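Presented below is the structure to which this report refers.
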Amino acid sequence: MWSADWRDIDSEVKYDEENGNVVPNTWNSAVNMVAAKIHIDNILEEYVLDHAQHQVCISGQFILKTKKRIKLLHLYGPHVFDEAVLDPIKTMKKDVLPRFLQSTTFRAMIHSLASCDTLPPASNLSLPPPSKHVLRSNPIEYFIDEREFTLAQLLQGEVLYTNFRSFLERNHCSENLICVRMIDYFEELKSARNNIEADEHAWTIYQYFVARGSAYEISTMYSDRKTLMENLAVPRKGMFSKLRSSAYDILKTNFSLFAKSRDYMALGKIMRFAKIDLDRIENSPSLDPMDVGLVK
């Protein structure tokens, strides 16, 4: 095992060097040493070396000592950068942290955290409909009674989605469909660079699908749950990919059951009538599809 403090290791190395002792060369970790060295090189290239893209202010003396410790990685292990980060931590405490505590970002974070103290009930969730519509992208001839629709189409078409969700709600298993739709909407917001709404939506996903005891809690590994909580600080595209994959896998089983139901068999006829209504309204200058509640 490694020493608890890099200073103790420094003293041991100095003593061995001064007395001509052979420095031990054993690796005391289950972590692959080659992988650790690659990660260390990435840190040097990104933050420490002179040409680093995000160079951090570290004294030249600390950098030299850090490079020496890297050569003795088997001795220092996780303490390789301990001295190098002392100055950056001081800077964050004296400068960055006070400014962050006064920022709107911090206030928004506190508000979001407080909203999780009492998790909202399922009835409070406002679910946006799919943004892509199967009705618009296909001619009337496509919607025959025998038409078989895919799971992807059910996730994209508002009429199809609504019927699928109604079926799942009657069978008390709609949480995975709702979760997938919420995550897809988050991705749509990020793609449209609507970051303010996307960030708020990320917290909504956490409140309803990730938090322990949430209304539509999806089974998630602790490590994945922790990573999602960390990413809520700065929500990014793809952050819910594992959660979506987990929900989607179960949703495929739900779809298999739906595909054998009368509700599914009736979709072709339902979509044909919806297409006729939409075409009629769009061809009438006095009517707006949105005014009568049809999809765009």
Quiz item: With all protein chains present, how much of the accessible area of the range 1-79 (probe radius 1.4 Å) comes from carbon and sulfur, to the nearest whole percent?
Solution: 56 percent
Quiz prompt | Anchor residue 226: aspartates and glutamates whose Cα lies under 16 Å away (excluding residues fewer than 8 positions away in-chain) | solution = 217
Quiz item: Full extension from residue 166 to residue 49: what is 0.36 nm times the residue separation minus their Cα-Cα distance, to one decimal in nm?
Solution: 36.3 nm
Exercise. Note the angle between two axes, namely the Cα long axis of helix 6-18 and the longest principal axis of the Cα atoms of the chain, as a number of degrees from 0 to 90, rounded to the nearest 10.
Key: 40 degrees
Quiz prompt | Label-to-label distance, nm, for residues given as residue 93 and residue 280 (7 Å Cα→Cβ offset) | solution = 7.4 nm
Quiz item: Among 28, 138, 195, which one shows the biggest mean-square fluctuation in a GNM of the chain, springs joining Cα atoms closer than 10 Å?
Solution: 28
Quiz item: Zone of residue 56 (label point 7 Å along Cα→Cβ, backbone N under 12 Å): which residues in the range 6-50?
Solution: 43-49
Practice problem: Divide by every residue of the chain the summed helix terms, -39500 (n - 2.57) for each DSSP H run of at least 4, and state the resulting mean residue ellipticity at 222 nm, rounded to the nearest 500 deg cm²/dmol. | Solution: -16000 deg cm²/dmol
Quiz prompt | Surface accessible to a 1.4 Å probe, residue 117 within the full protein complex, Å² | solution = 130 Å²
Quiz prompt | Cα long-axis angle, helix 158-170 against the chain (0 to 90 degrees, to the nearest 10) | solution = 80 degrees
Quiz item: If the chain between residue 122 and residue 136 were fully stretched, how many nm would it gain, using 0.36 nm times the residue separation less the Cα-Cα distance?
Solution: 1.9 nm
Self-check item: Mean Cα-pair separation over length for the chain, i.e. relative contact order, pairs under 8 Å, 6 or more apart, %
Solution: 17 percent
Self-check item: Euclidean distance between Cα centres, the range 183-245 to the range 72-100, Å
Solution: 30 Å
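In whole percent, how big is the carbon plus sulfur part of the accessible area of the range 111-257, probe 1.4 Å, protein atoms only?
Here carbon and sulfur together make up 52 percent of the probe-accessible area.
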Quiz item: Can you give the accessible area of residue 188 in Å² (nearest 10), computed on protein heavy atoms with a 1.4 Å probe?
Solution: 60 Å²
Self-check item: Solvent-accessible heavy-atom area per residue, rounded to whole Å², over the chain at 1.4 Å
Solution: 61 Å²
Self-check item: Principal-axis tilt of helix 195-205 within the chain, Cα atoms, nearest 10 degrees
Solution: 90 degrees
Quiz item: Can you list, largest first and rounded to whole Å, the semi-axes you get for the range 147-278 by taking the square root of 5 times each eigenvalue of its Cα gyration tensor?
Solution: 29, 18, 11
Quiz item: Between residue 261 and residue 192, what FRET efficiency follows from the Cβ-Cβ distance if R0 is 45 Å, with the result rounded to 0.05?
Solution: 0.80
Quiz item: When semi-axes √(5λ) of the Cα gyration tensor in Å is calculated directly from the model, which label among (1) 36, 25, 16; (2) 56, 22, 18; (3) 44, 39, 27 fits?
Solution: (2)
Exercise. Quick one: among 52, 247, 30, which has the greatest mean-square fluctuation in a GNM of the chain with alpha-carbon springs under 10 angstrom?
Key: 30
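The values are calculated or read from the model by the stated rules, or taken from the named source; none is laboratory data. Small disclaimer: the values here were computed from a predicted structure and weren't measured. Here the Cβ is made from the backbone with ideal geometry for all residues, glycine too, and neighbour counts use every protein chain on show. Protein only, heavy atoms only, side chains kept; ligands, DNA and RNA dropped before computing areas. Shrake-Rupley method; radii C 1.70, N 1.55, O 1.52, S 1.80 Å.
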